[in-house]
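Trainee: The structure's right below; bear with me while I get my questions together.
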Amino acid sequence: MTYTEERARKGGPNTERHQSLAPRSDFPLLAANPALHYLDSAATAQKPSVVLDAMREFYERDYANPHRGAYALSVRATDRYHDSREQVARFLGVADSTRLIFTRGTTESLNLVATAWGMEHVGHGDEIVVTALEHHANFVPWQQLARQRGATLRICSLTSDGRLDLDSLASLVGQRTRVVAFNHVSNALGTINPVAEITALVRRRAARNAIVVIDGAQAAPHLRLRLDGDDLGDVDFYAFSGHKMLGPMGSGGLVGRRSLLETMRPYQMGGDMIEIVGDEETTWNVLPHKFEAGTPNVADAVGLAAACGYLESLGMDAVRAHELALLELAVDRLGAIEGVHLFGPSDLALRSGVVSFTLDGVHPHDIATILDGEGVCVRAGHHCAQPLMRRLEVPATARASFYVYSDSKDVEALVEGLQKTRALFAAD
Amino acid sequence: MANLDALYQEVILEHNRRPRNYGAMEGADRVVESHNPLCGDALTLWVKLDEDRVVSATFQGSGCAISRASASLMTEAVKGKTRSEAEELFTTFHDLVTGKLNVDGDASAKQRLGSLRALGGVSRFPIRVKCASMAWHALRSALRGEGSSPNAVAVAE
Ligand SMILES: Cc1ncc(COP(=O)(O)O)c(C=O)c1O
């Protein structure tokens, strides 16, 4: 069913109103800019005061270099770091927090796996499977690993509405497959991929030592995750970014299978990640420290933990329901504008709060500039997904994305801005 | 909206709708491809030269209104110019779109720019400077002998 048909079925335009799930007043930047319609949360999320306060409090009260000083202050800093890891692991549904490695974010997490695992285990004639839906962060590291190791990169194709084509995937995964890497949720289209189903497919078809790597950058902020649970329990690595889930920039992590992390070589070498350094040989520290060389980013870990706490207090099921309601509204309203084309799954249950669209006769950059003039922030471009854009046969799309502080007024402003854009560009 | 009106002047919108000198050129001396990695936009420029002079230039590609209009206006503006005149014009144009030049206070620049002045509004949108100058960068490469010479190299499309 097309959007238009579906609207016709529902009858009349969608005029639902939705308040934000989290009060805008919790977000200093939004509170200071009441006329701002921030619809670029898929790129990065605004920060609630609790996150900023937690970081400030850490610097003002508990700040020292963790793991190193034999004094109470350093112990407090170490505790804050440890407690933050526990809280973030809990949020992700991970009981064993030592398999959560803090990184700078998804990009670093994926590079860690491609380098530390990939360089050891991928060789000539092996195959790496990625998808046409990937962010460059989960595409380029594998492409380059394949080139370096003489392996072959295989790219899973998509259905016409932007879902992974599981038949294509099944035909690509086989005994030579070493890695299958894909996102849980697409940043460009919002597609929610069936991780459990795909992981099961990989386990059936690939050799036992093949790994499944999930880019969770767009899932961790929006979905309730249980990485120990039935759905996600069998993936080998799960990467995420703190800044997209209300946490600070430069925070994030990688959850790995313990047996793999234990046998992998470290990614970076230096302080904290060693056990004994001899003149010739070094032994590695235990998990997770083996993968966290150098002075850790404690303040950002503290901020990320506070963000997890904030999201938990909202409830991740409520977050998802809120975003779905806004998504439905946006799809209805945008779909009703003449000349607007929407991308992504038509079944909105398979989509996060992302609306990727084009407008006939107006380039996405011009859309974004004109919307900006109306106080509406959207992303325009290839969304770090050039392989996808080539397959959609568009150079770029405009993208609006929602989060806990978004409301139906944001959608209204977007719709009005698009009407203005059309009027400005209308052929005379 | 004042800034937006300055950016999307009627001249720009009109050149975006009906770009001049649009399409591949037979018998071009140079073909240059230019990309904006930020947005994935691409532009191909064909230039025909008579010794030191631009006889004609055409372009094709996907891009925003600013980049299309700028390319369209440029192909008109550089027709008949020598290499050094064209480079000089680019410098003036670049000053215009980056806000270094106040045309109203500079009669000679105003006259040199002619209809290119329509892109003056870009100076208030620093992120759009790349869009406005993409075609010009391609032209400069062509005039400096970069890119391919279709007589020697087969060109796709
Ligand atoms: C799906 C996806 N993967 C990876 C990334 C990269 O995340 P980061 O830049 O935080 O490392 C992003 C963020 O843009 C993303 O949306």
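Trainee: Under 1.5 on a/c is rounded, so check that first for region A:1-159, then, if it is not, pick prolate when a/b is larger than b/c and oblate when it is not; a ≥ b ≥ c are the square roots of the alpha carbon gyration tensor eigenvalues. Don't skip to the answer; put the middle values down first.
Mentor: Values: a/c = 2.71, a/b = 1.04, b/c = 2.61.
Oblate.
Trainee: Still on this structure, I have one more. Per DSSP helix of 4 or more residues, -39500 (n - 2.57); summed, then divided by the residues of chain A. What does that give at 222 nm, rounded to the nearest 500?
Mentor: Details: 15 runs with 163 residues, N = 428.
Counting only the DSSP helices, I get -11500 deg cm²/dmol.
Trainee: Which value does Rg/Rh take for region A:244-373 over its C-alpha atoms, Rh per Kirkwood?
Mentor: On the way: Rg = 22.7 Å, Rh = 19.3 Å.
My calculation of the ratio gives 1.18.
Trainee: Taking each residue of A:357-370 in turn, how many C-beta atoms of other protein chains fall within 10 Å of its C-beta, and what is the average?
Mentor: Details: counts 0, 0, 0, 0, 3, 3, 11, 4, 13, 13, 1, 3, 11, 5.
Per residue, the average neighbour count from other chains is 5.
Trainee: How are the Cα pair distances of the protein assembly as shown distributed, in percent, across 20 Å bins from 0?
Mentor: So the P(r) values, bin by bin, are 19, 45, 32, 5.
Trainee: Moving to a separate point now. Could you tell me the center-to-center distance, by alpha carbons, between region B:108-145 and region A:82-130 in angstrom?
Mentor: Spelled out, the Cα-based centre of one part sits 46 Å from the other.
Trainee: For helix A:364-373, what angle does its Cα long axis make with the longest principal axis of chain A, in degrees from 0 to 90 and rounded to 10?
Mentor: Once rounded, the angle reads 80 degrees.
Trainee: So what is the diffusion coefficient of region A:215-321 in µm² per second by Stokes-Einstein at 37 °C and 0.692 mPa s, using a Kirkwood Rh over Cα pairs? It would help to have the intermediate numbers written out before the result.
Mentor: Numbers: Rh = 15.5 Å.
Rounded, D is 212 µm²/s.
Trainee: Could you grab the relative contact order for chain A? Cα pairs under 8 Å, six or more apart, rounded to a whole percent.
Mentor: Values: 839 pairs, mean separation 99.5, N = 428.
Over chain A, the number comes to 23 percent.
Trainee: Taking neighbour Cβ counts within 10 Å as the exposure measure, how do A:T131, A:T421, B:T98, B:T58 sort from fewest upward? Please list the in-between numbers first.
Mentor: Numbers: A:T131 28, A:T421 25, B:T98 14, B:T58 21.
Fewest to most other Cβ atoms nearby, the residues stand as B:T98, B:T58, A:T421, A:T131.
Trainee: For chain A, take the longest principal axis of its alpha carbons; what is the angle in degrees between that and the long axis of helix A:298-314, to the nearest 10 within 0 to 90?
Mentor: 50 degrees
Trainee: Could you check the simple spin-label distance between A:M249 and A:T159, using points 7 Å along Cα→Cβ, in nm with one decimal?
Mentor: For the pair A:M249/A:T159, the computed spacing is 3.8 nm.
Trainee: Which residue, chosen from B:V103, B:A135, B:G40, occupies the Cα position most advanced towards the positive end of the dipole of chain B, where the dipole is computed from +1 (Lys, Arg) and -1 (Asp, Glu) charges on Cβ about the Cα centre?
Mentor: Of the candidates, B:V103 comes out farthest on the positive side.
Trainee: Quote the relative contact order of chain B in percent (integer), defining contacts as alpha-carbon pairs under 8 Å separated by 6+ residues. Before the final figure, lay out the partial values.
Mentor: Numbers: 260 pairs, mean separation 46.9, N = 157.
Once normalised by length, the contact order is 30 percent.
Trainee: Starting with the fewest neighbours, write out B:M74, A:M273 ranked by other beta-carbon atoms found within 10 Å of each beta-carbon. Mind dumping the intermediate values first?
Mentor: Values: B:M74 28, A:M273 20.
Neighbour counts put them in this order, fewest first: A:M273, B:M74.
Trainee: At a Förster radius of 35 Å, what calculated FRET efficiency corresponds to the Cβ-Cβ distance of A:H136 and A:E197, to the nearest 0.05? Numbers along the way, then the final one.
Mentor: Details: r = 25 Å, r/R0 = 0.72.
Here the calculated transfer efficiency is 0.90.
Trainee: Taking each residue of B:88-101 in turn, how many C-beta atoms of other protein chains fall within 10 Å of its C-beta, and what is the average? Don't jump to the answer; show the numbers that get you there.
Mentor: On the way: counts 0, 0, 0, 0, 0, 0, 0, 0, 0, 0, 0, 0, 0, 0.
Per residue, the number of nearby Cβ atoms from other chains is 0 on average.
Trainee: I've got another one for you. If the label point is 7 Å along Cα→Cβ of A:E416, which residues in region A:352-374 have backbone nitrogen under 18 Å from it?
Mentor: A:368-374
Trainee: In addition: For chain A, which longest stretch is free of loop sites, where a loop site is one of the trypsin sites (Lys or Arg not before Pro) that DSSP puts outside H, G, I, E and B and that has at most 13 other Cβ atoms within 10 Å?
Mentor: Values: sites that count: A:R17, A:R68, A:R208, A:R226.
Counting only loop sites that pass the neighbour cut-off, the longest clear stretch is A:227-428.
Trainee: In addition: Which one, B:L73, B:I12, A:G256, is farthest towards the positive end of the dipole of the protein assembly as shown when Lys and Arg carry +1 and Asp and Glu -1 on their Cβ?
Mentor: Value: B:L73.
Trainee: Could I ask something else about it? Multiply the residue separation of A:H124 and A:S25 by 0.36 nm, subtract the distance between their alpha-carbon atoms, and state the gained length in nm to one decimal. Could you put the intermediate results ahead of the total?
Mentor: Details: separation 99, 0.36 × 99 = 35.64 nm, distance 5.55 nm.
Full-extension gain reported as 30.1 nm.
Trainee: Still on this structure, please answer the following. Suppose R0 equals 25 Å; then what is the FRET efficiency for A:R61 and A:T295 from their Cβ-Cβ distance, rounded to the nearest 0.05? Don't skip to the answer; put the middle values down first.
Mentor: Values: r = 19 Å, r/R0 = 0.74.
After rounding to 0.05, the efficiency reads 0.85.
Trainee: Based on the Kirkwood radius over alpha-carbon pairs, what value in µm²/s does the Stokes-Einstein equation return for the translational diffusion coefficient of region B:1-146 at 4 °C and 1.567 mPa s? Working shown, then result.
Mentor: Details: Rh = 15.1 Å.
Rounded to a whole number, D works out at 86 µm²/s.
Trainee: Then there is this: Along each of its three principal axes, how wide is the spread of alpha-carbon positions in region A:352-428, in whole angstrom units, largest first?
Mentor: Reported extents, whole Å, longest axis first: 41, 33, 15.
Trainee: Report P(r) for region A:228-267: all Cα-Cα distances, bin width 5 Å, range 0 to the bin holding the largest distance, values in whole percent.
Mentor: Per 5 Å bin, starting at 0, the Cα pair percentages come out as 6, 20, 21, 19, 20, 13, 1.
Trainee: Further, regarding this structure: Would you please classify the overall shape of region B:64-130 from the alpha carbon gyration tensor, given that a ≥ b ≥ c denote the square roots of the eigenvalues, rounded means a/c under 1.5, and beyond that prolate means a/b larger than b/c while oblate covers the rest?
Mentor: oblate
Trainee: For chain A, which longest stretch is free of loop sites, where a loop site is one of the GluC sites (Glu not before Pro) that DSSP puts outside H, G, I, E and B and that has at most 14 other Cβ atoms within 10 Å?
Mentor: In chain A, the maximal stretch lacking such sites is A:17-279.
Trainee: Which value, in debye to the nearest 20, gives the size of the charge dipole of region A:285-404 about its Cα centre, when Lys and Arg are +1 and Asp and Glu are -1 at the Cβ?
Mentor: Working: 8 positive and 14 negative charges, 81 e Å.
Dipole about the Cα centre, nearest 20: 380 debye.
Trainee: Okay, moving on. Run through every distinct alpha carbon pair of region A:52-312 and return the Kirkwood hydrodynamic radius in angstroms, one decimal place.
Mentor: Working: mean 1/r = 0.0530 Å⁻¹.
18.9 Å is the Kirkwood radius here.
Trainee: Calculate how steeply helix A:72-91 sits against the longest principal axis of the alpha-carbon atoms of chain A, using the helix alpha-carbon long axis, and give the answer as 0 to 90 degrees to the nearest 10.
Mentor: 50 degrees
Trainee: Would you mind checking the pairs B:K110/B:K130; A:K244/A:K420; A:K409/B:K100; A:K244/B:K100; A:K244/A:K409 and listing those with alpha carbons more than 32 angstrom apart?
Mentor: Values: B:K110/B:K130 22 Å; A:K244/A:K420 30 Å; A:K409/B:K100 39 Å; A:K244/B:K100 37 Å; A:K244/A:K409 22 Å.
Pairs exceeding the cut-off: A:K409/B:K100; A:K244/B:K100.
Trainee: Let me know the charge dipole size of chain A about its Cα centre in debye, to the nearest 20, where only the beta-carbon of Lys, Arg (+1) and Asp, Glu (-1) is charged. Write out the running numbers ahead of the final one.
Mentor: Values: 42 positive and 53 negative charges, 106 e Å.
I would put it at about 500 debye.
Trainee: Sequence neighbours fewer than 8 away in the same chain don't count; with that in mind, list the lysines whose C-alpha is under 17 Å from B:K48.
Mentor: Reachable lysines: B:K79, B:K81.
Trainee: Fewest first, what order do A:K47, B:K100, B:K48 take by the number of other Cβ atoms within 10 Å? All intermediate terms of the calculation are to be shown ahead of the outcome.
Mentor: Values: A:K47 23, B:K100 11, B:K48 17.
Taking fewest neighbouring Cβ atoms as first place, the list is B:K100, B:K48, A:K47.
Only the coordinates and a few stated rules stand behind these numbers; no lab work does. In this text the structure is predicted, and so the values were computed from the model without any measurement. A quick note on method: Cβ atoms are made from the backbone with ideal geometry, for glycine too, and the neighbour counts reach across all protein chains shown.
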